[in-house]
Amino acid sequence: MHREPIPLAITVSSNYIAPTPVSLSTENLALLAEATRALLADRPLAARLDDLFRLMRNRLTYTDARLTCWLQSAQPGTMRQQFHSPDGWMYPWDDGLTRQIALGGQIVHQPWLPPSQTDHHENGSQAPVLQATYLGAPIWWGGRLWGVLELRAMHSEDFDHSAQEFITALLPQIASAIAAEGISQNQQIVPVTKKDELAPWHLHEHEEQILAVLSSELEGPQTLHQLLTLLLRWSLDATGAEAGTISLVDHERGELITQIYEGYPSDRFPSDWSSLGRQRRSWDTSLAGRVARSGRAFLVRDVSKEANLRLAMSNIRAELAVPISANGQVLAVLVLDSPRSAAFGDAELQFVSALCERAAQPLLWALSYQEALESSTHLGQVFASLPTGLALLDISGRVLRANPSWSAIWGLDPHIVEAEFHVPFDLVEALLSRLHDPFRLTEFCVEGQRAPTEVQMATVRLINPAQELQVLSVPTRDSLEQITGRLWAVSDVTREREVDRLKSEFVSIVSHELRTPLTSILGYTELLLARDFEPADQRQFIKTVYDQATHLSQLVEDLLGVSRLDAGKVKLNRWVVALRQLIAELTNQLNAQLDRHRLLIRLAEPLPPVYVDRDKVKQILFNLLTNAIKYSPQGGEVELIVQETRLLPADHPPGRWLIVSVRDQGIGISPEDLSRIWERFYRVDNTNTRRIGGTGLGLSITRALVELHGGRIWVDSVVEKGSIFSFTLPVATELDRRG
Ligand code: ADP
């Protein structure tokens, strides 16, 4: 057997570990020389490693050691082999960690917890009892990965710097020992081999036996996830691959959906990967995609020899991708990866292909089970999360299943619906005090039972609080088209109906409000054009036209004001303002309207200035004063009172505030209308207000403007006696004054 002499002053050169000359202590050097001799002895590898493990005990304190390597002599293929130190430890090794070390390319020294302690530790509930430590070293030599050496010890200081130095120096010697076990003479690198082009291959008897065991396990009842996990685990174990994935194939979209993976570093699959949902990717780019499209297996022995091929990660050298097909269609693709070139050969290809063939039928079953499960989960989610109340009733009207919205919309306790609940009797009874027309709902239920194949629809009106519900009832059928009952879908249409009402009110008010002034403008201008009038009459007519046009312009202004407020476009231009002067300007403007009324102004003395938008406050006051005049058609006093107040409403912001009140002796507002007058387009409907005319916009604009200043507005009113509208404005602070 040819032995390559290994120099003792070593330079470790690989893609992964930076070339660092290792200068060893005399003690380490002597031991290394002894270890090298043991490793190069003319004995089987297992015996040589036994010697090594024993020798290592002179230098290191460790509980046990393991060498995982890939023997080239096991041709064709490179099955993985493992060698353990003579005295093992009771805790099993972690193969996943071994794969990580192989892929990572670095020596890793970290705490090691027995499996039961790992759980406690992660929960943070209990500190580990055992302070064990782990050292994993990938064996790179001559640009190749030969294996992974792992050691465990009771205490972390057992692998100190000098111990690690010794192990680093030992690695090339171990590589050489593995290589010496048998270097394949005709190891040709075949970049991509299609399965069909391989020579006929027969599995070994023991492989057939393994396959038989696996097939019987695969055929046991499995969920998709269990099945794929088994399949990937066996494939990794049997081939010694460091990493692998299984993806399902979506032929319609031309995509692969990764289902499970093992062994990759976390940056390829983030640790919370499963919560991110299934990763989909096009089948145009990867080797797995090629397998999905062609239905043929591919074997890449060494990607660095293949110019046009890029694998998902730069340190993957070999890849094996095998389809799992049934009924002529590729269902899934299994991919195995390794950082070792020629990690997979024909043996692995044949074995994994045979395994995938046996997995096809179980996968087909698992997929159809999964599909049924998914679609019922989807439907269940839709059912539970829809805002529409849904209830499945049997023929007798008993609720079989209802979603949370069902009881919420009817305002029922969900527990009543969960128990025996017969819609035709129990629903009417439960809602009796709220049903506007109980008979209507009973009739609806009876009609449904009389004509079970008909689709029905009805609107149910509830009171306290007022609510309008739309009920759609459709017959349900089983797979044999037999009627099984009904599905009730109930939606709350209160808001939609309200919006409809507002819309039609808007159209009728605006058209009425526009038409009235327009008719008089047209009438008077026609008159003026038709003949000559006395100057005094002429002046009177033109004044009317002017007044009506002003009214029209006010209406347009209000409508624009509403839409600007809606869009949040109204911004305040605040200044320190003395209300006295502002009110003086306003009363001049209003004087023209005051033929039957007396306007009284009472301003407290002294009156601190306010910090407000001048024009907006003028608009607020103008709206309230014109309303006071409009809604006291018999005339009387209209009083404007301004004073500072400490008596603020309960939810009012703190600080110094002025309170402004507008009092009239007019028609007043009934208690039912009091809360609604602030709504847009809401007008109290009675003979008085119908005659007076208006848009129902003024107060809603006024309130929005007061609130923009941080203030509040409210009203007290007695029908036939009069109303007092009051609002607050912020007193200017010292800071506001300094600007
Ligand atoms: P408009 O006056 O254009 O109808 P508003 O929004 O200003 O619209 O007022 C809404 C409703 O509130 C009015 O239609 C009226 O019925 C009632 N209202 C407002 N101010 C008074 C008041 N001072 N006295 C009696 N009713 C009033």
I need the full set of residues from region 182-211 which are out of contact with any Asp or Glu (no Cβ under 8 Å at 6 or more places or on another chain), open to solvent by 60 Å² or more (accessible area, probe 1.4 Å) and modelled with pLDDT of 50 or more, in order please. H202, H204, E205, H206, E208, Q209, I210
Within region 545-559, does at least one residue satisfy the condition of being farther than 30 Å from V617 by Cβ and either surrounded by 14 or more Cβ atoms within 10 Å (Cβ to Cβ) or touching a Leu at 6+ places or on another chain (Cβ under 6 Å) (or both)? yes
Check region 703-714 and report whether any residue there is of a type outside the set (D, E, K, R), modelled with pLDDT of 90 or more and within 12 Å of the ligand (Cβ to nearest atom). yes
Filter region 662-680 for residues that are assigned to a strand (DSSP E or B) and not β-branched (V, I, T); the one that is farthest from the ligand (Cβ to nearest atom) is R663
Within region 681-697, restricting to residues that are β-branched (V, I, T) and near the ligand (Cβ under 6 Å from one of its atoms), the one that is farthest from the chain's Cα centre (by Cα) is T689
Go through region 648-661 residue by residue and tally those that are within 16 Å of the ligand (Cβ to nearest atom) and not aliphatic (A, V, I, L, M). 1
Looking at region 559-591 only, could you name the residues that are modelled with pLDDT under 90, touching a helix residue (DSSP H, G or I) at 6+ places or on another chain (Cβ under 9 Å) and hydrophobic (A, V, I, L, M, F, W, C)? L559, V562, L565, V570, L590
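The rows are residues; the columns are (1) hydrophobic (A, V, I, L, M, F, W, C); (2) assigned to a helix (DSSP H, G or I).
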residue	(1), (2)
V335	yes, no
F344	yes, no
L349	yes, yes
V352	yes, yes
C356	yes, yes
A359	yes, yes
P362	no, yes
W365	yes, yes
Y369	no, yes
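Restricted to region 381-396, and to residues that are among the small types (G, A, S) and modelled with pLDDT of 90 or more, which residue is most open to solvent (accessible area, probe 1.4 Å)? Show your work before the answer.
Here is the first cut: in region 381-396, the residues among the small types (G, A, S) are 384-385, 389, 391, 396.
Narrowing further to those that are modelled with pLDDT of 90 or more: 384-385, 389, 391.
Details: A384: 55, S385: 89, G389: 0, A391: 0 Å².
Ranking the qualifying residues of region 381-396, first place goes to S385.
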Across region 621-647, what is the number of residues that are loosely packed, with under 13 Cβ neighbours inside 10 Å and either among the aliphatic types (A, V, I, L, M) or away from the ligand (no atom under 15 Å from the Cβ) (or both)? 2
What strands (runs of 3 or more DSSP E) completely inside region 408-500 contain at least 2 residues that are touching a His at 6+ places or on another chain (Cβ under 7 Å)? 456-462
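Given T388, T377, which one is of a type outside the set (D, E, K, R), under 31 Å from the mean Cα position of the chain (by Cα) and within 28 Å of T245 (Cβ to Cβ)?
T377
To keep it simple, each residue is scored yes or no on (1) open to solvent by less than 30 Å² (accessible area, probe 1.4 Å); (2) at pLDDT below 85.
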{"residue": "T258", "(1), (2)": "yes, no"}
{"residue": "S275", "(1), (2)": "no, yes"}
{"residue": "R280", "(1), (2)": "no, yes"}
{"residue": "V303", "(1), (2)": "yes, yes"}
{"residue": "R310", "(1), (2)": "no, yes"}
{"residue": "Q329", "(1), (2)": "no, no"}
{"residue": "L334", "(1), (2)": "yes, no"}
Exactly one condition in (1) surrounded by 13 or more Cβ atoms within 10 Å (Cβ to Cβ); (2) in contact (Cβ under 8 Å) with a residue 24 or more places away in the chain is not met by R564; state its number. (2)
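The values are calculated or read from the model by the stated rules, or taken from the named source; none is laboratory data. Note that the coordinates shown come from a computational prediction; the quantities given were computed from them, not determined experimentally. Cβ coordinates were reconstructed from backbone atoms using ideal geometry, including for glycine residues, and neighbour counts include every protein chain displayed. The area values use the complete protein model at the heavy-atom level, side chains included, leaving out ligands, DNA and RNA. Shrake-Rupley method; radii C 1.70, N 1.55, O 1.52, S 1.80 Å.
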